[in-house]
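Down below is the structure, laid out as structure tokens.
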Protein chains: 2
Amino acid sequence: MGGDHAPDIVVKGASIANQKLPNVRFKLFGEQSKIESLCAQYALTSDCYDIIHSDIVIEGDTKPSIALRQGKRSSMGMAIASVDAGEADCVVSAGNTGALMALTMFGLKRLETVSRPAILAMLPSRNSMTCVLDLGANIEADALNLAQFGVMGECFARAVLGIEKPKIGILNVGEEDVKGFDTLRQASTILRDSPLNLNFHGFVEGNHIFDGDVDVVVTDGFTGNVALKSIEGTSKLITGILRDSLQSSWLARLGTLLSYCALKKFKNTIDPRLYNGAVFLGLNGVSVKSHGGTDAIGFANAIEVATDLVKFDFIHHTQASLLKLKSTD
Amino acid sequence: MGGDHAPDIVVKGASIANQKLPNVRFKLFGEQSKIESLCAQYALTSDCYDIIHSDIVIEGDTKPSIALRQGKRSSMGMAIASVDAGEADCVVSAGNTGALMALTMFGLKRLETVSRPAILAMLPSRNSMTCVLDLGANIEADALNLAQFGVMGECFARAVLGIEKPKIGILNVGEEDVKGFDTLRQASTILRDSPLNLNFHGFVEGNHIFDGDVDVVVTDGFTGNVALKSIEGTSKLITGILRDSLQSSWLARLGTLLSYCALKKFKNTIDPRLYNGAVFLGLNGVSVKSHGGTDAIGFANAIEVATDLVKFDFIHHTQASLLKLKSTD
């Protein structure tokens, strides 16, 4: 178990998820004695978990290449191997992102229909959530890669957001067909003309991630990563300035006290824990990366994302859709 | 005069700017009778402006190609021609962005040392502002283009933010030297090894736009445009949710009333009018694009940005710096 507050938040997160998902059985990889006492502390009963001992943890600063060489006996490596062996349906980790990506790529392998796996995250929109991918698995993407990201994102939105016909958009610098790169226009043609009968919207701009016009936003990993981090930076800046302002005088503090419920509602709506769980798509297994700094509620949400994908039989659906897309090449 | 609230906010903006900049003389391009009555309304005395009549306005939805063909006698076209003829030092417009870009590019021409002009905007950071460029003048940029953006951005930060040695960063998906594209590494080498003795920081990620670690963030126009719009979308979403939450009950509204000054302080800090003014850099003249939806205060700030650049002799400084950079090719 890795992450800033592991193993505490991981076991507590499993316990919270257990309330909602009583049929899920957890395999907890990490230091047995620590996990045992946390399971007792958080009332996770022994019939819903197994502990698989490992005292090797991949640290947050371990490079992916080192993790690949040395990480097989780590808790992360063993958890991934367990999915590969069919003993677990999915893996959820709050540990080192680069290491998790390298180990899942190596351990679970790419689906044969997928040319490039991608990282997807859900971002808040005005009324629901928007799935954005790729967020950095690849820094470049050709037209077919982008079209495949669209199809994988569409399956994801059906599985996790429960949307019957998710609307797909491609991120660009304008909505008109003439804007941006040829690659984007080619990807657009593939998605529009696909026999999958997708709900393809066309091009969207950065601000449309948030207005709920589309459910899936497709981009290359470089642009997606920059956009995601810019969004995180903006959010942190604005909430930081708001916090400082509301503490700046006794009158403001009194007002804040009266607005407590409203501000809590505001906080809950933009709560990053709600959107916790970056997902590696395009692999022979479900792998969800929880934010390293999240708490138990955030980790429980990441578990829920993973179980949604398993229940939906996400990999099977993705394979089938990508095969159909491929037939149009 | 163009923009959502022109000519009203333009004349009022000039009047506000006039308080701070009593030596600036305005050339107001547009419908004479309307402007005359607005000047009287906003107490802009006749010794500080000339009106140049034009009743042709480039509409917000006019394509740049049409603007180029038909826009010469429009208020925008005439204002740009006035800069080109040396009758005005700079042009500020709240009109159609694409048209302004096309007309300034055509009218003012590219500086001979500049391979690609760029669009720069200032974004709020924790303690000051960060200049980001290119925001969409070009969708692609090679290493030399990026290095030139860095130099132009550095001159801008000295001129407008008054920073003696602005710190420059290149936007990437990680801070390590191995991250991202070769182009970014090459641009990094050009800036680091330049005889200009620049304060070059290296790579920065999207979230660093806001933490004040660097004063200038360099990127290609595609990534910059997506980042900017994602930032605008995030800001709009968060402030919208906050507004709704604070109006959701009578207790919240009472609290909001008590926190009025604090919330006003918050609003002032993130006020987009403060950062109003996207600037076209790399041309034989100063051209500032005010946000189309801004008000008079925002427009006055855009005027101030333009006059700062003129006072600093921005074009001369840019030329000199780019010549030095070129000598290292």
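Nothing charged except the Cβ atoms of Lys and Arg (+1) and of Asp and Glu (-1): what's the magnitude of the dipole of the range A:1-155 about its Cα centre? Round to the nearest 20 debye. Each step should come with its number before you reach the end.
Values: 13 positive and 17 negative charges, 10 e Å.
That gives a dipole near 40 debye.
Please report the antiparallel percentage of DSSP beta bridges with both residues in the protein assembly as shown, rounded to the nearest 5.
Around 40 percent of the beta bridges assigned by DSSP in the protein assembly as shown are antiparallel ones.
So what are the radius of gyration and Dmax for the Cα set of the range B:164-291, in Å?
Taking only Cα atoms of the range B:164-291, I get Rg and Dmax of 19.4, 63 Å.
From the backbone phi of the range A:39-54, what are the Karplus-calculated ³J(HN,Hα) couplings (6.51 cos²θ - 1.76 cosθ + 1.60, θ = phi - 60°) in whole Hz, Gly and Pro given as x?
Going residue by residue, I get 4, 5, 4, 9, 6, 8, 6, 5, 6, 10, 8, 10, 10, 10, 6, 8 Hz, with x marking Gly and Pro.
With the dipole of chain B worked out from charges on the C-beta (+1 for Lys and Arg, -1 for Asp and Glu) around the Cα centre, which of B:153, B:228, B:18 lies farthest toward the positive end?
Among B:153, B:228, B:18, the one farthest towards the positive end of the dipole of chain B is B:18.
Which far-off residues, 5 or more places away or on another chain, put their amide H under 5 Å from the one on residue B:26, with H placed in the peptide plane?
Under 5 Å from the amide H of residue B:26 lie the amide H atoms of B:49, B:50, each far enough along the sequence or on another chain.
Through the Karplus equation 6.51 cos²θ - 1.76 cosθ + 1.60, θ set to phi - 60°, convert the phi angles of the range A:286-293 into ³J(HN,Hα) values in whole Hz; use x for Gly and Pro.
These are the phi-based 3J(HN,Hα) values: 9, 9, 10, 9, 7, 4, x, x Hz.
Name the long-range amide H neighbours of residue B:173: under 5 Å, sequence gap of 5 or more, or other chain; modelled H, no Pro or chain starts.
Amide H neighbours of residue B:173: B:180.
Taking K and R as +1 and D and E as -1, what net charge do the other residues with C-beta under 13 Å from the C-beta of residue A:231 add up to?
Values: positive: A:229, A:236, B:229, B:236; negative: A:232, B:205, B:232.
In short, +1.
Please list the non-local residues whose amide H lies under 5 Å from the amide H of residue A:130, H modeled 1.01 Å from N, same-chain partners needing a gap of 5 or more.
Residues meeting the criterion, in which the H sits 1.01 Å from N, are A:123, A:125.
In what order do B:39, A:48 fall by count of nearby beta-carbon atoms within 10 Å, going from fewest to most?
On the way: B:39 22, A:48 17.
Ascending Cβ contact count within 10 Å gives the list A:48, B:39.
Whole angstrom only: what separates the Cα centroid of the range B:94-134 from the Cα centroid of the range B:184-214?
Between the Cα centres of the range B:94-134 and the range B:184-214 lies a distance of 19 Å.
Note the distances from residue B:19 to each other copy's matching label point, with points 7 Å along the Cα-to-beta-carbon direction, in nm, sorted shortest first.
In nanometres, ordered from closest: 5.5.
Stokes-Einstein D for chain A at 37 °C, 0.692 mPa s, Kirkwood Rh over Cα pairs, in µm²/s? Walk me through the intermediate numbers first.
On the way: Rh = 20.7 Å.
After rounding, the answer is 159 µm²/s.
Which one, B:95, B:60, B:107, has the greatest fluctuation when you compute a Gaussian network model over chain B with C-alpha springs under 10 angstrom?
Between B:95, B:60, B:107, it is B:60 that shows the largest mean-square fluctuation.
Taking chain A as a Gaussian network, Cα atoms linked when under 10 Å apart, which of A:18, A:207, A:284 shows the biggest mean-square fluctuation?
For chain A, modelled as a Gaussian network with Cα springs under 10 Å, the answer is A:207.
To the nearest whole percent, what portion of all C-alpha pairs in the range A:21-168 is separated by more than 19 angstrom? Intermediate results must be reported in sequence, preceding the final value.
Working: 6834 of 10878 pairs.
When every Cα pair of the range A:21-168 is considered, 63 percent fall beyond 19 Å.
When the dipole is taken about the Cα centre of the range A:202-248, and only Lys, Arg (+1) and Asp, Glu (-1) are charged at their Cβ, what size is it in debye, to the nearest 20?
On the way: 3 positive and 7 negative charges, 63 e Å.
Computed charge dipole of the range A:202-248: roughly 300 debye.
With a 10 Å cut-off between alpha carbons and a GNM built on chain A, which of A:38, A:191, A:251 moves the most?
A:251
Here are some pairs, A:27/A:289; B:12/B:311; A:20/A:236; A:229/B:236; A:12/A:289; which of them have Cα atoms lying more than 21 Å apart in this structure?
On the way: A:27/A:289 16 Å; B:12/B:311 23 Å; A:20/A:236 30 Å; A:229/B:236 17 Å; A:12/A:289 17 Å.
Those over the limit are B:12/B:311; A:20/A:236.
Taking θ as phi - 60°, what are the ³J(HN,Hα) couplings along the range A:227-240 by the Karplus curve (6.51, -1.76, 1.60), each to the nearest whole Hz, with x for Gly and Pro?
4, 4, 6, 5, 5, 4, x, 4, 4, 5, 4, 5, 5, x
Please give the net charge around residue A:215, taking every other residue with its beta carbon less than 10 angstrom from that of residue A:215, where Lys and Arg add +1 and Asp and Glu add -1.
Working: positive: A:158, A:165, A:167; negative: A:154, A:213.
Net local charge, residue A:215 excluded: +1.
Please compute the contact order of the range B:2-73 in relative form: average sequence separation of alpha-carbon pairs under 8 Å and at least six residues apart, divided by the residue count, as a percent.
Values: 67 pairs, mean separation 25.0, N = 72.
It comes to 35 percent, rounded to a whole number.
Treating only the Cβ of Lys, Arg, Asp and Glu as charged (+1, +1, -1, -1), what charge dipole size does chain A show about its Cα centre? Round to the nearest 20 debye.
Working: 31 positive and 36 negative charges, 104 e Å.
Here chain A has a charge dipole of around 500 debye.
Since every read-out is calculated from the coordinates, none of them should be taken as a lab result. Just so it is clear, the structure is predicted and the values come from calculations on it, not from any experiment. Cβ coordinates were reconstructed from backbone atoms using ideal geometry, including for glycine residues, and neighbour counts include every protein chain displayed.
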